[in-house]
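To keep things clear, I will list the structure first and then write my remarks on it.
The values are calculated or read from the model by the stated rules, or taken from the named source; none is laboratory data. This structure is a prediction, so every number in the text was calculated from the model and none was measured. Virtual Cβ from ideal backbone geometry, glycine too; neighbours counted across all protein chains shown. Ligands, DNA and RNA are stripped out before the accessible areas are found, and what is left, the full protein with its side chains, is counted by its heavy atoms. Shrake-Rupley method; radii C 1.70, N 1.55, O 1.52, S 1.80 Å.
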Amino acid sequence: MAVRDIAYVELYTSKRQSVADHFVSAMGFARTADWVGVDRSSVLLRQGEVSLLITTGPVTWRFLDTYGDGIADVALVCDDVGETLEAALAADAVTADSLGGNPALTGAGGVAHTLLPPGGVTVSGLPSGRTWVPEPGAPLRPEGSIRGLDHVGLRPGAGTPGACADFYRDALGFSCHPSGPAAGRWEERTDTAVVRGPSGRVTLAVADGHPYLAFRTDGSVPAVCTFPGGGVAYR
């Protein structure tokens, strides 16, 4: 039932084009595909191992009214989706709205976690659950300065960071790491809970403040992108 990896991170925004343009122009992502649904539309951006979905539309409005632009879904690749879902529900996890038949759980600060099996992609190699239209000529895995996701920063919402850590431990089998994933960054923080999946490839830092994405890079671009607004924060 172990959580293996992050399949993608989905961002809800009222300004899909400008946010997508920021990731392309400032951080080297490539526009890979588009999708238009009944109540939302998404653009898929990729670089290295990172996949970002930038989504807007009526389905996002409640989230935006509550939290503003930000991280709405951290989709998790699981060894066995059924077992992961069953164990999470037994630990009092709450299901979230799902798309394309993929189950989802409610996580920290209003963020959902869509659960996907290994290889949970379409025949064209794109995230399942949507009928993507590939960008002509775009490579499936564009390479650049960003290599992968180091960790994702989430807010605790109505709970506390510690309560969120307990949820990820009990529902998804994560372990707690009070010192944090980034050397020195969280050493002095008592209001941050850092949890890591069994594979070591999924790390979440839950703290008061704006959500953010922390990337592994070759050192030529900033490592952290904060929300709302998608602005770059230097470390």
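Among the residues of the range 88-123, those that are part of a loop (DSSP other than H, G, I, E, B) and more than 25 Å from Asp69 (Cα to Cα) comprise Ala91, Asp92, Gly101, Pro117, Pro118, Gly119, Gly120, Thr122, Val123. All of (1) under 15 Å from the mean Cα position of the chain (by Cα); (2) among the charged types (D, E, K, R); (3) closer than 19 Å to Gly48 by Cα hold for Arg155 with one exception: (3). Filter the range 18-54 for residues that are part of a helix (DSSP H, G or I), touching a residue at least 12 places away in the same chain (Cβ under 8 Å) and surrounded by fewer than 18 Cβ atoms within 10 Å (Cβ to Cβ) and give the result. Result: Val24, Ala26.
Every residue, every condition in (1) of a type in the set (Val, Ile, Thr); (2) open to solvent by 30 Å² or more (accessible area, probe 1.4 Å); (3) within 16 Å of the chain's Cα centre (by Cα), yes or no:
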{"site": "Leu76", "(1), (2), (3)": "no, no, yes"}
{"site": "Asp79", "(1), (2), (3)": "no, yes, no"}
{"site": "Thr84", "(1), (2), (3)": "yes, no, no"}
{"site": "Leu99", "(1), (2), (3)": "no, yes, yes"}
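Candidates Arg130, Arg141: the one that is buried (at least 16 other Cβ atoms within 10 Å of the Cβ) and on the phi < 0 side of the Ramachandran plot is Arg130.
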